[in-house]
Amino acid sequence: MKIPDPPVPDGPETINEVKKLQNAAMEKENEEAESRREEAKFLTFWTGGELFGIPISDVVQIISMQEITPLPDFPDYAKGVINLRGIIIPVIDMRIRLKKPEAEYNESTCIIVTNIEDAYIGFIVDTVDEVTDIGADDISPAPKVSKDVTNHYLTGIGQVGEKVVLLLDVSKILSESEFVQVTQTAEKAGEAETERPEPDESSAKKETAGSGEAGLEKKE
């Protein structure tokens, strides 16, 4: 003889628990939908006459050109480092990295600061275009360089109206060894900047005063 399952209580506590589960499921679904929408958003920019796009989720900030401190141990495509609110960030010239002719920087040139594996890296581009949605239906597979090789940092070809967008994976623009070289060199530069002693204001004042007195004596 089969023993029937115990009846499920339908009191206020049980109803509240069901509502909590339903709300949790709805919140999770909304988060996943928001994540999918975020993944479909790209920041597009021009470099060397071509339009590129990177996921907006990888972008931290877009800034105008700033003074770049060159470092001797950097490869040619890494122009140096910038100090952004106390954070030392290596900057990569996208033209040089993509083997395009180098160009002088102007008022349209900007730096796209990205977050790659918890490290900040800036990419110098000719100009930023827009933030746009590119759905999966508007993205074609990346073309193969040869029969079995696909460009490792190109994830696909997007279509935005009449414009063709080359979609990039910023984490693959640099190889693993290049990424380590650039970030570690920038980190050491930041540590050296932090450890640099502050000038002694009292000594500076004494030297200035001494110079002034000497000058007056000479004038007499």
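Taken together, the values in this text are just the output of simple stated rules run on the coordinates, not laboratory data. Please read these numbers as outputs of a predicted model, since none were measured by experiment. So basically every Cβ, Gly included, is an ideal-geometry build from the backbone, and we count neighbours across all protein chains shown.
As a calculated quantity, the FRET efficiency between Gln66 and Ala24 at R0 = 30 Å, using C-beta atoms, amounts to about 0.10.
Work out how much length Leu51 to Lys144 would gain on full extension: take 0.36 nm times their residue separation and subtract the Cα-Cα distance, in nm to one decimal.
31.6 nm
By the count of neighbouring beta-carbon atoms within 10 Å, fewest first, Asp137, Asp169, Asp93 end up ordered Asp137, Asp169, Asp93. Label separation (Lys99 vs Ser175): 1.3 nm, computed from points 7 Å beyond Cα along the C-beta direction. Measuring between alpha carbons in the structure, the pairs from Lys41/Lys188; Lys144/Lys188; Lys100/Lys172 lying more than 27 angstrom apart are Lys41/Lys188; Lys144/Lys188.
Determine the gain in length on full extension of the stretch Lys41-Glu130; use 0.36 nm per residue of separation and subtract their C-alpha separation, reporting nm with one decimal. Display every interim value, and only then the final one.
Details: separation 89, 0.36 × 89 = 32.04 nm, distance 1.02 nm.
Difference between extended and current length: 31.0 nm.
Counting Lys and Arg as +1 and Asp and Glu as -1, what is the net charge of the other residues whose Cβ lies under 14 Å from the Cβ of Glu50? Walk me through the intermediate numbers first.
On the way: positive: Arg95, Arg97, Lys99, Lys100, Lys163; negative: Asp126, Asp129.
So the surrounding residues net to +3.
Computed from backbone phi, the HN-Hα couplings of the range 40-54 come to 7, 8, 10, 8, 9, 8, 9, 8, x, x, 10, 9, 10, x, 10 Hz, rounded to whole numbers (Karplus: 6.51 cos²θ - 1.76 cosθ + 1.60, θ = phi - 60°; Gly and Pro given as x).
Sites listed here are trypsin sites (Lys or Arg not before Pro) in the range 83-130 whose DSSP assignment is loop and whose Cβ has at most 15 other Cβ atoms within 10 Å: Arg85, Lys99. Remark on Val160: its backbone amide H falls under 5 Å from those of Val165, a criterion applied only to residues 5 or more positions apart or on other chains, H modelled at 1.01 Å from N. In order along the range 118-134, the phi-based Karplus estimate (6.51 cos²θ - 1.76 cosθ + 1.60, θ = phi - 60°) of 3J(HN,Hα) comes to 6, 10, 8, 9, x, 10, 7, 10, 5, 6, 8, 9, 6, 9, 9, 8, 10 Hz; Gly and Pro are listed as x.
Annotation: the residues Met94, Met65, Met26, sorted from fewest to most other C-beta atoms within 10 Å of their own C-beta, follow the order Met26, Met65, Met94.
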